[in-house]
Amino acid sequence: MLLFSFFRRPKNSVNNVATDTTVAEPVIQVDRNLFVDEEAPELKNPVKKITNPIEVFLDQNFEWQGYNDGYSHPETDYLNNNLAQIRSEFRLAVDKCMDIKRTELGELKLHLIDAEGISSRLEAKLKEKISQLEVTIHELDTQKILSAENEGIVSTAIHAYRIGFIKGLERYQQEKFFADSTGLFN
């Protein structure tokens, strides 16, 4: 029993006088940031959102660009050159989109080969998705051809640019006419 009495606190009695010889140690302040992470965890495999290059192209404000160009450069050659540039940028966006679709098509074809014989339902789904991508690629190729004649999807951008250019040109001419009529700049 003497062994168990070792773990007990000594009693204050005449025979057992306990002395407290412990010295109070200073309290160390620990930075909270060492143990607490208040930020949301990052995903190990973040989902990559693929932007559609055609949507990025069409989201531009072509009318405003045309207005600025018509006001600052009131020349027909400048208009024609910028319209040609819009068409070429559209074709580049279509090419990028077609590359994305072709890559996706290739991956689906490889997946179809891997899934062959496993599930007829999965095979049918993959074949349908492949045919949809082929139709989309054909439609993109058609839009690329139509852009040469200012037709198709690019026509909205071209018409908006042309309208803006005309408005900017009108504003330039009004200001020039007003300045010439006052005789201040002659």
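Considering (1) closer than 17 Å to Ser155 by Cα; (2) out of contact with any Leu (no Cβ under 8 Å at 6 or more places or on another chain); (3) of a type in the set (A, V, I, L, M, F, W, C), the lone condition that Ile100 does not fulfil carries the number (1).
Residues in segment 132-159 that are in contact with a helix residue (DSSP H, G or I) (Cβ under 9 Å, 6 or more places away or on another chain) and either within 13 Å of Leu79 (Cβ to Cβ) or polar (S, T, N, Q) (or both): Thr136, Gln143, Ser147, Asn150, Ser155, Thr156, Ile158, His159.
Would you check which residues across segment 155-182 are surrounded by 12 or more Cβ atoms within 10 Å (Cβ to Cβ) and β-branched (Val, Ile, Thr) and list them? Steps first, please.
The first filter runs over segment 155-182 and keeps only residues surrounded by 12 or more Cβ atoms within 10 Å (Cβ to Cβ), leaving 155, 157-173, 176, 179.
Listed by number, the residues that qualify are Ile158, Ile163, Ile166.
Take the conditions (1) hydroxyl-bearing (Ser, Thr, Tyr); (2) assigned to a helix (DSSP H, G or I); (3) within 18 Å of the chain's Cα centre (by Cα); Tyr78 misses just one of them, which is (3).
Do we have any residue at all in segment 81-91 that's under 29 Å from Ile137 (Cα atoms), surrounded by 13 or more Cβ atoms within 10 Å (Cβ to Cβ) and aromatic (Phe, Trp, Tyr)? Yes, because at least one residue in segment 81-91 is under 29 Å from Ile137 (Cα atoms), surrounded by 13 or more Cβ atoms within 10 Å (Cβ to Cβ) and aromatic (Phe, Trp, Tyr).
For segment 32-44, indicate whether the set of residues that are polar (S, T, N, Q) and not in a loop (DSSP other than H, G, I, E, B) is non-empty. I'd like the intermediate steps shown before the answer.
First, the residues of segment 32-44 that are polar (S, T, N, Q): 33.
Cutting the leftovers down to not in a loop (DSSP other than H, G, I, E, B) gives us 33.
Taking every residue of segment 32-44 in turn, at least one turns out to be polar (S, T, N, Q) and not in a loop (DSSP other than H, G, I, E, B).
Exactly one condition in (1) farther than 29 Å from Gly168 by Cα; (2) surrounded by 13 or more Cβ atoms within 10 Å (Cβ to Cβ) is not met by Gly152; state its number. Every listed condition holds for Gly152 apart from (1).
Filtering Asp99, Asp95, Asp114, Asp59 for residues that are under 30 Å from Glu170 (Cα atoms) and not polar (S, T, N, Q) leaves a single hit, Asp59.
May I ask you to list the residues in segment 69-83 that are more than 18 Å from Lys176 (Cβ to Cβ) and of a type in the set (Asp, Glu)? It would help to see each step written out before you state the result.
Step one: filter segment 69-83 for residues more than 18 Å from Lys176 (Cβ to Cβ), giving 77, 80-83.
Scanning segment 69-83 gives a single hit, Asp77.
For segment 160-177, state whether one or more residues are under 26 Å from the mean Cα position of the chain (by Cα) and outside any helix (DSSP H, G or I).
no
Screening the candidates Thr51, Thr19 for the property of being surrounded by 10 or more Cβ atoms within 10 Å (Cβ to Cβ), modelled with pLDDT under 90, at negative phi and out of contact with any strand residue (DSSP E or B) (no Cβ under 9 Å at 6 or more places or on another chain) yields one hit, Thr51.
Residue-by-condition table, conditions (1) touching a residue at least 60 places away in the same chain (Cβ under 8 Å); (2) surrounded by fewer than 16 Cβ atoms within 10 Å (Cβ to Cβ); (3) assigned to a helix (DSSP H, G or I); (4) in contact with a Cys (Cβ under 6 Å, 6 or more places away or on another chain):
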position	(1), (2), (3), (4)
Lys109	no, yes, yes, no
Asp114	no, yes, yes, no
Ile118	no, yes, no, no
Leu122	no, yes, yes, no
Gln132	no, yes, yes, no
Val135	no, yes, yes, no
His138	no, yes, yes, no
Thr142	no, yes, yes, no
Ala148	yes, yes, yes, no
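The values are calculated or read from the model by the stated rules, or taken from the named source; none is laboratory data. These figures come from a predicted structure and were not determined experimentally. Don't worry about glycine lacking a Cβ; one is built from the backbone with ideal geometry, like all the others, and counts go over all protein chains shown.
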